[in-house]
Each structure stands twice: as C-alpha cells, then as structure tokens.
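Single-structure report; data block below.
The values are calculated or read from the model by the stated rules, or taken from the named source; none is laboratory data. A quick note: this is a predicted structure, and the numbers were derived from the prediction, not measured. Positions of Cβ are generated from backbone atoms using ideal geometry, with glycine treated the same way; all protein chains shown enter the neighbour counts.
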Amino acid sequence: MLALDQIRERAGAGRYVPGEPVVIVDEARRLGLSTTPVREALAWLCGEGLIERAPQGGFLAPRLDAAVVRDRFAFRLHCVATSLDLIADQAADLAASLTAASGLTLADRLDILVRSAGNQVLFNAFERVGRQVLSLASAERKLFPDLVEEALGVARLFEEASPPALRAALVAYHQRRMDAAPLLILEREADLLRPTDGGRA
C-alpha cells in the first residue's frame, strides 16, 4: 500500500511531467522499495487513469491537454446533474445533512451528492475523473482569484435545498473550468517547470 498511496499522491498532485516515463526503478529507489510493489502500484493506477501504459512497455504520466480537461469537467458536470435528477425528491434531506456536517469542502459536497444518487458506477466514474483533474488544483488557485468565494457560494446553495439554483451554480462552476481549459494546462505546465519541491519528478 505504501507504493500505491505515495505514487497516487504524486500523480494526483501533478508531480510527473505529462507524457514522460515513470521509471519503475527510479520510483522504487525513491520509495526505498523493491520494484515489484512499484510495478503493481503503477499497474493499479493505470486502472484509475492516473498513470498510462507506454506503447513499448513501462508507464507514462498521463497527458492532459485542453480537450481532455474540457471533457473531464463536462463529464463531472453530467454526473452531478444526473445525481440531482436522481435525488430530486430528497433535496431537503440532503440539504439538512450537509448543513449539520461542518468543515465540508465543495469537493466533499459534490462527492456526497453523487454518492447520494445511489448509483455506485456513477460515483466510481465521478471519483475517477476527479482524481484525474486533481493535478489542476494549483492552476485553478492561480487562475481564479475568487476560488474560495465561488466554492462558498455553491456550498451555500447546497444547504438551501434549491435544486434549480444549485444546478445553475454547478453548471457555471464547471463551465468556467471548461472555458479556461487551455489556461489551466498552461499554468500546470508552468508549475512543472518552476524550481520548487513540487516541480519535476
């Protein structure tokens, strides 16, 4: 589990350069493990979409381009909208439970919403795509100076049990990211080139 958790965290944080090899021996050395658990972890993470298999063997950091980012956010929006439809008659109950829970982030609320729909396949797909766009979080913080206010505004709508207003806010939230996809990619690439601890792997 150490290899899986550590490599998942690095991939989710965008520490691997997109399209570049993730070398098993290098990762094993970095983690102080043999190559077997690292190889198994990388294979597992291929299933999660956080790592890709290289055509000639081995593994690559996944490539994210603007079209992929747009597709991922559009898919997440579809999952959220479908979930709202599936729980339409339970909106007040969901609002009450979210109001009672403190310290939830917008991501937590979206997870709860999609999980509340009762469709495990939908939730698994939503979660998988969420992990794939997690590496854009730093770019989002830089591009959207009102990110915290935006998240708080959407979170308030969860608690008001107003599905039409919540749906409109969630569409705007995801559309904003779809529209900014090229800039998100450029900012992520710039982050990878900056000489910091979170830079190149």
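Please indicate, with yes or no, whether at least one residue in the stretch 47-60 is surrounded by 13 or more Cβ atoms within 10 Å (Cβ to Cβ), assigned to a helix (DSSP H, G or I) and touching a Leu at 6+ places or on another chain (Cβ under 9 Å). Scanning the stretch 47-60 turns up no residue that is surrounded by 13 or more Cβ atoms within 10 Å (Cβ to Cβ), assigned to a helix (DSSP H, G or I) and touching a Leu at 6+ places or on another chain (Cβ under 9 Å).
Every condition in (1) assigned to a helix (DSSP H, G or I); (2) without any contact (Cβ under 8 Å) to a residue 60 or more places away in the chain is met by Leu33 except one, and the failing one is (1). Here Leu4 fits the description: under 19 Å from Gly130 (Cα atoms) and either in a helix (DSSP H, G or I) or without any contact (Cβ under 8 Å) to a residue 60 or more places away in the chain (or both). Residues in the stretch 8-19 that are over 17 Å from Val129 (Cα atoms) and either surrounded by 15 or more Cβ atoms within 10 Å (Cβ to Cβ) or in contact with an Asp or Glu (Cβ under 8 Å, 6 or more places away or on another chain) (or both): Arg15, Tyr16, Val17.
When you look at Thr99, is it within 16 Å of Pro163 (Cα to Cα) and either more than 13 Å from the chain's Cα centre (by Cα) or outside any loop (DSSP other than H, G, I, E, B) (or both), yes or no? Can you show your working first?
Details: within 16 Å of Pro163 (Cα to Cα): yes; either more than 13 Å from the chain's Cα centre (by Cα) or outside any loop (DSSP other than H, G, I, E, B) (or both): yes.
When the stated conditions are applied, Thr99 passes them.
Cβ-Cβ distances below 6 Å connect the following pairs, each with a first residue in the stretch 116-132 that is farther than 20 Å from Ala61 by Cβ, a second residue that is buried (at least 18 other Cβ atoms within 10 Å of the Cβ) and of a type in the set (Gly, Ala, Ser), and a separation of six or more residues or different chains: Ala117/Ser83.
The C-beta contact set for the stretch 55-79 (first residue hydrophobic (A, V, I, L, M, F, W, C), second residue in a strand (DSSP E or B), distance under 9 angstrom, 6+ apart or interchain) comprises Phe59/Pro21; Phe59/Glu52; Phe59/Arg53; Leu60/Pro21; Leu60/Glu52; Leu60/Arg53; Ala61/Pro21; Ala61/Glu52. Looking only at the stretch 35-59, residues that are closer than 11 Å to Ala11 by Cβ and either acidic (Asp, Glu) or assigned by TED's automatic domain parsing to the domain that holds Val133 (or both) come to 2 in all. Among all positions in the stretch 161-177, there is no residue which is out of contact with any Asp or Glu (no Cβ under 6 Å at 6 or more places or on another chain), under 18 Å from Gly12 (Cα atoms) and free of Cβ contacts under 8 Å to residues at least 12 places away in the same chain. Kindly indicate whether any position in the stretch 96-103 is under 16 Å from Ala155 (Cα atoms), modelled with pLDDT of 95 or more and either not assigned by TED's automatic domain parsing to the domain that holds Arg177 or not charged (D, E, K, R) (or both). No, the stretch 96-103 has no match at all. The number of residues in the stretch 109-126 that are loosely packed, with under 15 Cβ neighbours inside 10 Å and either touching a helix residue (DSSP H, G or I) at 6+ places or on another chain (Cβ under 9 Å) or under 18 Å from Glu9 (Cβ atoms) (or both) comes to 1.
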